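One structure is given here, and the rest of the page talks about it.
The values are calculated or read from the model by the stated rules, or taken from the named source; none is laboratory data. Note that this is a predicted model, so its numbers are computed, not measured. Ideal geometry is used to build each Cβ from the backbone, glycine not excepted, and the neighbour counts take in all protein chains shown.
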Ligand SMILES: NC(=O)c1ccc[n+]([C@@H]2O[C@H](COP(=O)([O-])OP(=O)(O)OC[C@H]3O[C@@H](n4cnc5c(N)ncnc54)[C@H](O)[C@@H]3O)[C@@H](O)[C@H]2O)c1
Ligand SMILES: O=C(O)C(=O)C[C@@H](O)[C@H](O)[C@H](O)COP(=O)(O)O
Ligand SMILES: [Zn+2]
């Protein structure tokens with residue numbers, strides 16, 4: 001079992017990683033919340049069916065309520081958010097209650113935002129169940145989507161702890177493994193060449209990742225994320241680097257319709273595009289062709305989904321949270337491990353998007 005510590009602003013919290021991590025949750029609650037009045041587990045239909053009974057039995061607490069939300073991006077809506085708040089009020093949760101977010105990134109983002117806003121904030125704990133959530137469970141970005149943009153309504157609100165039990169990952173379908181692994185690639189690309197080279201060398205397919213390898217790249221990824229969050233909790237500077245691949249990625253998710261392409265798969269396309277621009281604008285010596293081939297071998301699509309308008313994608317990118325005065329600000333790399341944020345001109349971006357679309361990616 002590995003334990004990391006994140007210090008974000010005023011909050012310092014542990015991240016427990018490993019098979020069986022969740023078995024420590026009950027004693028953590030007993031030690032740290034002696035006056036706990038009730039617990040609300042927020043989970044989704046899929047995770048609930050697979051693991052809720054086992055999870056509740058391991059917790060074995062009185063005054064435990066459960067809210068099951070739809071799986072995937074359907075959880076990150078105003079309606080579901082409202083339902084969770086109503087449920088918490090009906091069950092009389094108070095400021096000594098605690099929310100347990102049990103699921104992937106969508107559940108974590110939703111449950112965290114419920115916790116952040118219920119009675120102006122009650123504590124919550126992340127119990128991630130996807131590879132992707134090595135990213136989303138750490139760092140305190142919590143949010144729901146708006147038709148006009150991804151994660152547009154939310155807060156920075158840190159969890160009390162993260163219990164990352166890797167046994168849950170065994171039931172992930174291939175598409176979710178792929179989605180989550182994209183954020184691992186992102187963490188490698190923005191942090192250091194050694195991590196990136198090791199990752200490319202070690203991961204030749206996503207079908208049967210040995211536990212030791214999985215633990216190693218997830219732990220490395222969390223370390224990269226934690227180090228950045230510790231420097232800049234609320235994204236006034238370097239935290240934007242964690243958005244590498246996301247400016248186009250989020251635009252694709254919103255344009256295609258939330259949930260019709262997974263977050264990680266959209267980010268993978270966004271990273272290919274961002275790398276291409278990085279190479280055009282900087283003397284960045286990177287083997288993009290090889291990267292693109294590696295992604296394809298792992299099962300990623302590396303071109304824009306069919307039917308998306310580049311004008312509309314640009315309009316979405318102008319609405320991105322990093323934008324200032326409707327000027328698109330893009331995370332680019334000077335080299336692996338050396339990201340920066342650059343303002344890009346609309347006409348230039350549209351031209352590059354059109355070429356990316358026309359050529360079917362980088363080819
Ligand atoms: N807050 C952040 O910093 C941050 C970082 C990255 C991504 N995100 C957000 O996270 C979301 C994507 O995360 P995700 O892919 O984990 O989301 P998710 O919660 O939608 O999970 C993906 C799918 O896998 C299923 N699932 C979850 N755990 C499972 C398991 N153990 N076995 C089988 N199926 C399982 C879910 O039911 C769902 O259908 C996006 O909304 C994205 O915007 C947030
Ligand atoms: O933690 C961050 O900061 C990130 O940007 C991590 C991203 O992987 C994640 O998808 C995040 O939710 C995107 O943030 P947003 O502010 O662009 O919505
Ligand atoms: Zn992301």
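For residue 323, the conditions (1) within 17 Å of residue 185 (Cβ to Cβ); (2) more than 19 Å from the chain's Cα centre (by Cα) all hold with the exception of (1).
Condition test on residue 181, is it under 26 Å from residue 107 (Cα atoms), part of a helix (DSSP H, G or I) and modelled with pLDDT of 95 or more? It is true that residue 181 is under 26 Å from residue 107 (Cα atoms), part of a helix (DSSP H, G or I) and modelled with pLDDT of 95 or more. Can you find a residue in region 142-158 that is closer than 27 Å to residue 3 by Cβ, outside any helix (DSSP H, G or I), within 15 Å of ligand 3 (Cβ to nearest atom) and without any contact (Cβ under 8 Å) to a residue 40 or more places away in the chain? Yes, the conditions are met somewhere in region 142-158. Against the list (1) out of contact with any strand residue (DSSP E or B) (no Cβ under 8 Å at 6 or more places or on another chain); (2) closer than 28 Å to residue 147 by Cα, the condition residue 247 fails is (1). The condition of being under 25 Å from residue 131 (Cα atoms) and either surrounded by fewer than 16 Cβ atoms within 10 Å (Cβ to Cβ) or assigned by TED's automatic domain parsing to the domain that holds residue 228 (or both) holds for residue 26. Every test in (1) closer than 22 Å to residue 29 by Cα; (2) under 17 Å from the mean Cα position of the chain (by Cα); (3) outside any helix (DSSP H, G or I) is passed by residue 113 save one, and that test is (3). Scanning region 182-201 for residues that are within 16 Å of residue 297 (Cα to Cα), in contact (Cβ under 8 Å) with a residue 24 or more places away in the chain and more than 16 Å from ligand 3 (Cβ to nearest atom) returns a single hit, 200.
The set of residues from region 81-110 being assigned to a helix (DSSP H, G or I), more than 9 Å from ligand 1 (Cβ to nearest atom) and without any contact (Cβ under 8 Å) to a residue 60 or more places away in the chain comprises 82, 83, 84, 85, 86, 87, 88, 89, 90.
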